[in-house]
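Reading through the structure tokens given below for one structure.
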Amino acid sequence: MLNIARQANNPSLLAEVLNHQGNLLTAEYDYEAALEAYTEARTHVTQDDALYSKILINQAQTIFLVDVENAYQKHAFKASIAALKQALPAAQSGSPRYTQVFGLIALGKLAQQIKAKLPKQSAQLLAIAYQALDAARNVANRLGNATAKAHVYGHLGQLYQQAKRYDDALSLTRQAVFFAQQTRQPPLLYFWQWQLGRIQNARGDKHGAIAAYQQAVTNLKSIRAQVATTGYINLTESFREKIAPVYFELADLLLQQANATQDVSRRDKLLRQARKAIESFKEAELQDYFQSDCVDLQTQCTDLAQIIDAQTAVLYPIPLPDRLELLLQRRDGLVQATVPIREEVLRDKIASFLSPLRRPPYLIEESDKSQSDEQSPETFVCTPTEMPPPKIDKQAQTFLGHAQTLYSWLIEPLAAQLHNIKTLVIVPDGALRTMPFSALHDGQQFLIQKYAVAITPGLCLRSQPIPRQGKSTILLGGLSEAVQGFSSLPCAEYELNTLKKLFNKTHKPLLNKQFTIDNVDQELNQGAYSILHIASHGQFNAELKNTFILTYDDKLSMDRLEQLINMTTIQDKPVELLTLSACETAVGDDRAALGLAGIALKAGVESTLASLWKVDDVATQALVVEFYRQLQNRAISKAQALQNAQTMMLTDDLYRGYRHPYFWSAFLLIGNWL
């Protein structure tokens, strides 16, 4: 495109292309090349051209990003301020135009961003921010454009809010809401209603704030806010950073009100409203991750009191910036507990807990390692031996202190309400999705030794959990060989053959060359399987396009998996349980863990058994096979079957070398726990 523009002998076209190239390079973090593109673009237009001001604005924003990277230097942000001052007069010049409004808003926001980075308050930058936004207001009013006015008045309200001039901020934001209503753009309306809620909260009007927040959530029909694209850089935040605050701030207010009231009925109503707000966000977040509005979601939350028995409880942790809120739903009611732990502290503790937990715990001599590496799948021993286990690395034991601290925050505050509970269903959020709750420790035993544990991504996401129906049939597939640059799974063949015998199957598993997408598709179409078991590498990434299950000659994407399993539902022979025995998520990546949590929904199955990290081959086959042995007993739920398999690793002397939670806690049961 750039070469074509150069050959066209059209300076304005070339400048436009160079401007967009600079925007693209900035989005790709190649700031040096971006600045070169903007500098050249400016040489092809006159200063009275509207494009000239666009280029200066984009250049100023990119210079700011460079300064952010060099913030440690003595005169950091000096270049940003100079670029800002250069761009502002250009942005104010010329006849009023729609794009001019957004250019001036961008400069107002940039002045505030620079100001926030400086160690001292800057009256100069505050004045520039006001000057830019006031100029934008004048242009918007002259144009009479409701969208432009909604943006300008809203950003002015934000500026006054930051200055704690709440009455002025309230008046301006109400005008922004009024103009946004005229545009009939729910995403724009929600944004200023959200700001209205924050201002009302700062003024001490809790009821007004809650009403504004609820209106904002109602208007957030689209899961991604629409951003005006008018030739300026659009450096968007992540979906969670952009969307989550409105839901969590609403929940925060409702939880505060619930904690303050003595009226039991009102408290219960407020707690349910808070939980519903978070559920709405979970639904939007999953739809964003899977890039589909058609993920199998419900618009109404399931009434938990009707679907859980007296021995089942649902734990709903809500991490907030200044505290952790715990909601526990029992059949006889909803309980709230508040823990004074900031979200940042919780996240750091989870990272410290996971660091020693995700690594093999044993010290292995180099000679032993080389012998292990030389073993082929044919000679690999896939059952526990009588030999004493290797010595445990001291570092591997450091998880225990963190496990006990997390237990004291997440479980202990509700101990009195959990005394007769046998199954604990957890609805985690954020960093809590990345950790195995089963490995939390009370100082005497692991959580899994007290409760059968299951995970569900949300309460409004599935139909009512139902017990297993009829005799289970299983389709087995996987890889033992190294393919496509991935390591071999020496015990995969043993695992599949053992399950073949357990389920009295006559057909051979789809192993190695036979494990292709076409063969899986054919088997699912020709047979009736309630379980799909895959012993192959699976990777869950923050980006859906990098999330897949490895087949012999391809990668099975989540969209393709959904298609395969949907056909079984259409044919009235649905797959109820999907097992992925060798998958892993990116370390500490909330969004990757979201993909794992949502796979049951995406695939259209009731339940998924999967691992957070790649586990030792011997331990994997032992735990998975025992899980299925337990499932042969129809009186045992899937959650109890996993609990029994995991506690076997802790108590059976045959597995004394596999008692560290690295070997067993990675496995999660997601979705229907019955």
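Quick notes
- Test: residue in the range 401-409 that is out of contact with any His (no Cβ under 6 Å at 6 or more places or on another chain), part of a strand (DSSP E or B) and at pLDDT 95 or above: no
- The residues of the range 312-366 that are of a type in the set (A, V, I, L, M, F, W, C) and in a loop (DSSP other than H, G, I, E, B), listed by number, are 341, 363, 364.
- Just one of the listed residues (495, 543, 523) is among the charged types (D, E, K, R), in the same structural domain as residue 613 (by TED's automatic domain parsing), more than 24 Å from the chain's Cα centre (by Cα) and farther than 24 Å from residue 639 by Cα, namely 523.
- 2 or more residues modelled with pLDDT of 95 or more and farther than 27 Å from residue 134 by Cα: qualifying helices (runs of 4 or more DSSP H) within the range 172-279: 206-219, 239-260
- So residue 396, is it under 23 Å from residue 585 (Cα atoms), of a type outside the set (Ser, Thr, Tyr) and not assigned by TED's automatic domain parsing to the domain that holds residue 482: yes
- Residue in the range 138-153 that is nearest to residue 170 (Cα to Cα), counting only those that are surrounded by 24 or more Cβ atoms within 10 Å (Cβ to Cβ) and of a type in the set (Gly, Ala, Ser): 150
- Residue ranges of helices (runs of 4 or more DSSP H) in the range 582-674 with at least 3 members within 21 Å of residue 425 (Cα to Cα) and modelled with pLDDT under 90: 590-597, 599-603
- Selected residue (criterion: surrounded by the fewest Cβ atoms within 10 Å (Cβ to Cβ)) from residues of the range 634-657 that are under 21 Å from residue 618 (Cβ atoms) and hydrophobic (A, V, I, L, M, F, W, C): 654
- Selection of first residues in the range 27-40 that are in the same structural domain as residue 66 (by TED's automatic domain parsing) and of second residues that are hydroxyl-bearing (Ser, Thr, Tyr) and not in a loop (DSSP other than H, G, I, E, B), restricted to Cβ pairs under 8 Å at least 6 apart or on distinct chains, gives the following pairs, ordered by first then second residue: 31/62; 34/26; 34/62; 35/62; 38/62.
- Among the residues of the range 494-533, those that are hydrophobic (A, V, I, L, M, F, W, C) and within 14 Å of residue 628 (Cβ to Cβ) comprise 496, 499, 502, 503, 531, 532.
- Residue in the range 66-79 that is touching a residue at least 12 places away in the same chain (Cβ under 8 Å) and closer than 29 Å to residue 13 by Cβ present: yes
- For the range 119-131, the condition of being modelled with pLDDT under 95, among the charged types (D, E, K, R), in a loop (DSSP other than H, G, I, E, B) and farther than 21 Å from residue 174 by Cα holds for at least one residue.
- Checked against (1) modelled with pLDDT under 95; (2) part of a loop (DSSP other than H, G, I, E, B); (3) not charged (D, E, K, R), residue 287 passes all but condition (2).
- Any hit, the range 47-54, residues being exposed (fewer than 13 other Cβ atoms within 10 Å of the Cβ) and over 35 Å from the mean Cα position of the chain (by Cα): yes
- The residues on offer are 21, 86, 61, and the sole one that is of a type in the set (S, T, N, Q) and more than 36 Å from the chain's Cα centre (by Cα) is 86.
The values are calculated or read from the model by the stated rules, or taken from the named source; none is laboratory data. Just so it is clear, the structure is predicted and the values come from calculations on it, not from any experiment. No Cβ is skipped: glycine too gets one built from the backbone with ideal geometry, and neighbour counts run over all protein chains shown.
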